[in-house]
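Each remark here refers to the structure printed beneath this line.
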Amino acid sequence: MTGDTRIDVVHLVSSVHIGGQEMVILNLARFADRTRFRSRVLCLHELGELESRFRDVGVEVEVLSSPSGGARVALGQLVRRLRHLRPSVLHTHNPAPLRVGAAARILARVPVLVHSKHGRNYVAGEHLPSVLTRLASQVSDMVVAVSNDAADFARLYDSVREHHLRVIHNGIDVAAFESAPRPRGNDPPRGICVARLNTVKDIPTLIEATRRIVNAEPRFTLDLVGDGPERARIEQLVRELHLEHAVNLLGFRDDVRERLGQAHVFLLSSISEGISLTLLEAMAAGIPVVATDVGGNSEVIVSEETGLLVQPSNPVALANATLRILRDPELAARCSIAGKFRVARSFSVRAMVTAYEALYDELLQRRRGNGA
């Protein structure tokens with residue numbers, strides 16, 4: 001890399017399947033100061049649907065080993081790759097990349113290791129962080145939590161010390177959603193959820209809530225945008241509740257902005273969240289939102305002002321809040337306006353990227369000051 005004085009940043013992830021943290025990484029690369037930073041993405045075991053989007057913005061993506069290779073194989077290949085690339089910053093995302101990346105950072109002598117914690121990463125009832133995760137967190141130069149809730153979890157369960165922890169909220173390209181179309185006054189009521197279909201998003205609770213909404217508002221329909229391992233279970237529940245006419249499972253879409261523009265309300269039924277990008281996008285588009293009061297959702301939504309918060313795993317509460325939005329135009333309008341303002345003020349992609357780049361500079365300067 002002779003003759004190029006840019007700071008090389010390598011993002012280490014499990015894959016680049018469509019998801020919130022992957023979109024954060026894509027935005028970090030897309031909106032980076034290209035005169036100062038050069039980004040690359042390494043995937044531990046597989047690529048994913050977003051590979052082409054990274055390449056479209058000039059970011060190289062490569063996979064280290066097959067899933068059958070195991071952690072030891074991935075570690076060996078990562079060390080060799082880092083020694084060849086010689087990045088200034090290794091930026092890991094979520095626990096598995098952190099554990100491998102922390103060891104590789106030492107062996108390959110990468111100057112700075114930053115780790116982003118994109119949520120709690122551990123759902124209630126599941127196993128807590130391993131000793132390896134705690135040790136890897138302490139090897140990193142800084143742990144960045146995307147929400148205050150994730151930061152609290154890092155302190156309590158990952159044993160991350162205060163001087164070793166920073167909060168940088170996720171951000172979106174607000175301008176891309178500000179001009180989204182809006183439904184006409186006589187359109188049938190429509191809800192939308194944009195999410196990966198996994199257990200954390202708790203889509204069954206949303207489907208059960210939809211049954212109650214349709215009972216009260218027979219013309220209501222729900223657009224479910226996204227895909228994932230829970231799709232078959234969700235399709236079965238839709239059939240069991242006789243909602244085939246009301247629930248549209250649309251899979252992954254490239255026209256999310258347009259789909260958002262057709263909706264009267266955005267619904268999020270997660271049992272754990274960091275800072276949901278799709279929630280921010282809906283608010284930027286001026287859609288009233290109803291979300292569960294988990295993780296970072298309450299850091300985005302001021303209940304009764306910029307949206308409504310409800311208890312998780314409670315389809316009755318989710319349905320009742322949705323019906324409030326649909327039946328109270330003044331509440332819907334108030335949440336729409338306040339939500340757009342809040343996202344534009346506090347959750348822009350430019351602010352997020354600037355904060356990360358300033359952190360890279362700070363940590364590299366610290367290393368130079370320590371003679372490392």
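The values are calculated or read from the model by the stated rules, or taken from the named source; none is laboratory data. For clarity, every value in this text was computed on a predicted model and none was experimentally measured. Note that each Cβ is placed from the backbone with ideal geometry, even for glycine, and that neighbours are counted across all protein chains shown. Accessible surface areas use protein heavy atoms only, side chains included; no ligands, DNA or RNA. Shrake-Rupley method; radii C 1.70, N 1.55, O 1.52, S 1.80 Å.
Charges were assigned to the Cβ only: +1 to each Lys and Arg, -1 to each Asp and Glu. The resulting dipole of segment 207-268 about its Cα centre is roughly 140 debye. The coefficient of translational diffusion for the chain, derived via Stokes-Einstein from the alpha carbon Kirkwood radius under 37 °C and 0.692 mPa s, stands at 153 µm²/s.
Since only 92, 216, 309 are under comparison, the one whose Cα sits farthest along the positive direction of the charge dipole of the chain, derived from C-beta charges on Lys, Arg, Asp and Glu, is 92.
Helical runs assigned H by DSSP (4 residues or longer) give the chain a calculated mean residue ellipticity at 222 nm of -13500 deg cm²/dmol, each run adding -39500 (n - 2.57) before division by the residue total. In terms of its alpha-carbon gyration tensor, segment 252-362 comes out prolate; a/c meets the 1.5 threshold, and the first ratio a/b outweighs b/c. Positive end of the dipole of the chain (Cβ unit charges, origin at the Cα centre): among 132, 247, 110, the Cα lying farthest that way belongs to 110. Residue by residue, segment 46-60 carries 3J(HN,Hα) couplings of 7, 8, x, 5, 7, 3, 5, 5, 5, 5, 4, 9, x, 10, 6 Hz when phi is fed to the Karplus relation 6.51 cos²θ - 1.76 cosθ + 1.60 (θ = phi - 60°); x denotes Gly or Pro.
Separation of segment 162-224 from segment 293-310 is 13 Å, based on Cα centroids. Summing Cβ point charges (Lys, Arg +1; Asp, Glu -1) relative to the Cα centre of segment 132-173 gives a dipole of roughly 180 debye. Against the chain, whose longest principal axis is taken from its Cα atoms, helix 20-30 shows a tilt of about 60°. Rounded to whole numbers, the Karplus 3J(HN,Hα) couplings from phi for segment 227-244 are 8, x, x, 8, 4, 4, 5, 5, 4, 5, 5, 4, 5, 4, 8, 6, 10, 4 Hz, using 6.51 cos²θ - 1.76 cosθ + 1.60 with θ = phi - 60°, and x at Gly and Pro. Once the Cα atoms are used to define both axes, helix 95-108 deviates from the longest principal axis of the chain by about 10 degrees.
Projecting the Cα atoms of 189, 164, 48 onto the charge dipole of the chain (Cβ charges, centred on the Cα centre) puts 164 farthest toward the positive pole. Rolling a 1.4 Å probe across the protein heavy atoms gives the chain an accessible surface of 43 Å² per residue. Ligands, DNA and RNA left out, the accessible area of segment 275-372 computed with a 1.4 Å probe is 51% carbon and sulfur. Scalar couplings 3J(HN,Hα) for segment 215-220, obtained by applying the Karplus form with A = 6.51, B = -1.76, C = 1.60 to θ = phi - 60°, are 4, 8, 10, x, 8, 5 Hz; x denotes Gly and Pro.
Basic side chains Lys and Arg get +1 at the Cβ, acidic Asp and Glu get -1 at the Cβ, and with that the dipole of segment 219-365 about its Cα centre reaches some 440 debye. Of the trypsin sites (Lys or Arg not before Pro) found in segment 302-354, none is in coil by DSSP with at most 12 other Cβ atoms within 10 Å of its Cβ.
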